[in-house]
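The values are calculated or read from the model by the stated rules, or taken from the named source; none is laboratory data. Everything quoted here is computed from the prediction, not taken from an experiment. Cβ atoms come from the backbone with ideal geometry, glycine included; neighbour counts cover every protein chain shown. These accessible areas exclude ligands, DNA and RNA; they are computed on the full protein's heavy atoms, side chains included. Shrake-Rupley method; radii C 1.70, N 1.55, O 1.52, S 1.80 Å.
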Amino acid sequence: MINPLSRLLRYRLVIPILRGTGLPDYTARGVGIGVAVSLTPLVGVQMPIVVGIWSLIRLMRPSWTFNLVVALAWTWATNVFTVPIVYYVFLQTGNLMLGRWENLSAFGHFSERLDAILSLDVSGVTAVWTYLTAMLNEWGLPLFVGCVPWMIVGGWIGYRWSHIYIERFKVARRERQDRKAARKQAAALKAGQPAADNHH
């Protein structure tokens, strides 16, 4: 189970970074934006939000634009398997931030309520609105307030990690290319040595 999951995560999250074009900062900003947006309780609209942010930045501050493909990929950092845990953390963080200690609840109860909301028989844009409305009615402001610090920290970590990762990858690739070129040159010199000896 771990190997297929790790391969899936590498394919969806890491490969887009390595295939990204442009400067490391351009791709790293994409990771940071994608991670930040993924850490919101906006199930179903995270990818459109990223496209909206990209379009707005491209219009107002082109020098701050980011790799859209990478950003979209990293909205999958949270998924159907992690949503209950992530949303529970948001809710409890929000309750703590707002001083609502009496609202801290057990994970089991929260998970049951979230499953009930996400199982509502709706689809399309209506589904997104229905989910968000149901979450607000169920948990109110804490769920949305609680995601803010995680967005900031997660986005920053995503940016810094990916920037370092890209730089190291490029250095390692250059070193591999240099070693390969050196081996080819050495092989060519060695192959040419007997012929050179024959001239003496």
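Keeping every protein chain in place, order 190, 170, 180 by accessible area at 1.4 Å, biggest value first, i.e. largest first.
190, 180, 170
Could you let me know the centre-to-centre spacing of segment 28-63 and segment 112-153, using Cα atoms, in angstrom?
For segment 28-63 versus segment 112-153, the Cα centre distance is 19 Å.
Run the accessible area of segment 81-168 with a 1.4 Å probe and give the carbon-and-sulfur part as a rounded percent.
67
Averaged per residue, what accessible area in Å² does segment 63-181 show with a 1.4 Å probe, protein chains only?
Ligands and nucleic acids excluded, the result is 61 Å² per residue.
With N set to the number of residues, divide the alpha-carbon radius of gyration of segment 63-156 by 2.2 N^0.38 Å and report two decimals.
Cα Rg divided by the expected 2.2 N^0.38 Å: 1.20.
Which value in nm describes the separation of the simple spin-label points at residue 106 and residue 141, placed 7 Å from the Cα toward the beta carbon?
2.9
Could you tell me the accessible area of residue 112 in Å² (1.4 Å probe, neighbours in place), rounded to the nearest ten?
Accessible area, nearest 10 Å²: 130 Å².
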